[in-house]
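As structure tokens, the structure follows; a few thoughts come after it.
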Amino acid sequence: MKKILLFFILISSSIFAQNNVKVDLSNPNSTIYTHLYFLQPESYDPAKAAKTIYGYSGKEAEEIAIKLKKILDGKGLKVDFTKVPSDAMYADSTGITSYTETYSLGKKYRYVLFPYRMPEIYVERVGNNWYYSSETTSKVNDLYKKVFPWYTEKLQQIIPELGHKKVFKIELWQFIGILIIIVICIGLFYILKKGVFYILRKTLNSITHNKLNKAIDISLKKLTRPIVLLLLIWFVKTVLPSLMLDLNVNSLLFLGLNIMVTVFWIYVFLKLVNVGMDIYTQFAESTHNKLDDQLAPILNNFFKGVVVFLGILKLLTLFGVEPVTVFAGASIGGIAIALASQDTVKNFIGTVMIFVDKPFHIGDWIEAGEVVGTVETVGFRSTTVRAADTSVYQIPNSALSEMVVNNKGLRAYRRYSTNLGVRYDTPPELIDAFVKGIRKIIELHPETRKDAYNVEFIGFGDSALLIMLNVYFTQLDWNIEQASKHSLHMAVLQLAADLGVEFAFPSTTVMIEQFPDKKSLATVYDIDDKRIQQIIDNINKK
């Protein structure tokens, strides 16, 4: 008896609760709730739901209300009433307008249910009540055709009674439909895989006009798979509404599909970065500039970081976080991180300036402040310079970008200048012959410029007559420069020995005349003109 009484109490309370819900159009929340509540199976009353449609009445308004509900269910768009405003004077400040209507400046008394996924559906204030907008109602039929394929209604008519039995809120025919979609997707995957790879390869060939290497081919194959999966997900999202699944099931399925789409897009862009870097690396290897080779890994890490960061922001929006909030948080977080890591940011800016200005290349010999050595690597934060004693300097790029850098590696020639000091008692004829002989040696040397050198008697030193030797070597390699100096010095020494010219060194000579039985210490020079000319001529033969 108690169970029967309890049963009647529950039935009467549910009937009372249903009768207690009335049509309320006073604010956005009430209007949307009225529309959706009176189209639920347990409270189905399309006449009351049609009250939310402005400008229509009777069966036409009911049909519009029902189609609106089916469109939302078909797309898995579940209204969160905790976020729908209950203010009768609510003014939209999102700035998101419909596709066809442009609003004038001022307040917009309207609320868009899903501004980023279906901005065409929104309610607006007319007089003292809120209704679905005239634009929404005028587009219902077009939206319905887009969401539900042409065969949807025909499919419903041919399904037998047995197919409508439910298991976990899913009817048997819907299970069969899901299996058919899966089988079709598997077949399409193998067909599209070859076609997409062929199109990508042809497109890249037409852009680069170069033969693609094996690394690029491998990257394209890896890029093909997520693109095919994205096409298949688009296909699934297109045909899935035709199965007329329950709203809760649809919302979960579409959430999963949207997450997969975001993840696959992240993967696609990561692979695009790989393909771009492979092309860039191939180009960099064909140039003499080694700094381009060093730029590839830096750009690779940077672009991948940007892709992952934006992908995470997109994933947050799928879980209900407003995009404006996400970008505002990202901006504030970015500022906070920048302030907390100023040195890192400064070094990154310094890295950018180095790659833009290119003050040196990998392998260049530079002088930057107290650091002198060969540039080995240019990293994201610092530059590695190896000194002549093989020790390694790590210079922060922020500091290096502000230094005065003397790049020895950019010299067109290597200049070598020195003074040759000969004895004061050397006859003028031998000095002149010595100068001419050195000029001839420079002209015949394989590693010197023939149009720019200087060999001149420039003055009188403390202990020697000074002959300036200024020459330019054409080879920029340090080792070759030293070998060139060696061969030049040896030729000069040989010429001095042949002519009898002696090099001076700091000394003091005391001259004592009238000293009995002592000969003069002065050097006796052979200044025979024929002999001197023969020595100069022999240089050509050597």
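Of the strands (runs of 3 or more DSSP E) lying entirely inside region 95-170, those carrying at least 2 residues that are modelled with pLDDT under 90 are 110-114, 118-126. Of the residues in region 414-425, not one is free of Cβ contacts under 8 Å to residues at least 60 places away in the same chain, small (G, A, S) and assigned to a loop (DSSP other than H, G, I, E, B). Of (1) farther than 30 Å from T374 by Cβ; (2) out of contact with any helix residue (DSSP H, G or I) (no Cβ under 7 Å at 6 or more places or on another chain); (3) β-branched (V, I, T); (4) at pLDDT below 85, T287 satisfies all except one. Which? Result: T287 fails condition (1) only. When L179, L245 are checked against the criterion of being in a helix (DSSP H, G or I), not acidic (D, E) and not assigned by TED's automatic domain parsing to the domain that holds G76, L179 stands alone in meeting it.
Give me the residue from region 466-485 that is surrounded by fewer than 15 Cβ atoms within 10 Å (Cβ to Cβ) and farther than 13 Å from P446 by Cβ and, out of that set, modelled with the highest pLDDT.
If we take residues in region 466-485 being surrounded by fewer than 15 Cβ atoms within 10 Å (Cβ to Cβ) and farther than 13 Å from P446 by Cβ, then Q482 is modelled with the highest pLDDT.
Among the residues of region 349-405, those that are surrounded by fewer than 17 Cβ atoms within 10 Å (Cβ to Cβ), among the small types (G, A, S) and either touching a residue at least 40 places away in the same chain (Cβ under 8 Å) or more than 25 Å from D477 (Cβ to Cβ) (or both) comprise G363, G379, A399. Counting only helices (runs of 4 or more DSSP H) that sit completely within region 18-75, zero hold 2 or more residues that are among the acidic types (D, E) and touching an Asp or Glu at 6+ places or on another chain (Cβ under 8 Å).
Got at least one residue in region 214-223 being outside any helix (DSSP H, G or I), at pLDDT below 80 and not aliphatic (A, V, I, L, M)? No, that holds for no residue. The set of residues in region 444-465 that are part of a strand (DSSP E or B) and either surrounded by fewer than 16 Cβ atoms within 10 Å (Cβ to Cβ) or more than 53 Å from the chain's Cα centre (by Cα) (or both) comprises N454, V455, E456, F457, I458, G459, F460, L465.
The values are calculated or read from the model by the stated rules, or taken from the named source; none is laboratory data. Just so it is clear, the structure is predicted and the values come from calculations on it, not from any experiment. Backbone-built Cβ (ideal geometry, glycine too); neighbour counts: all protein chains shown.
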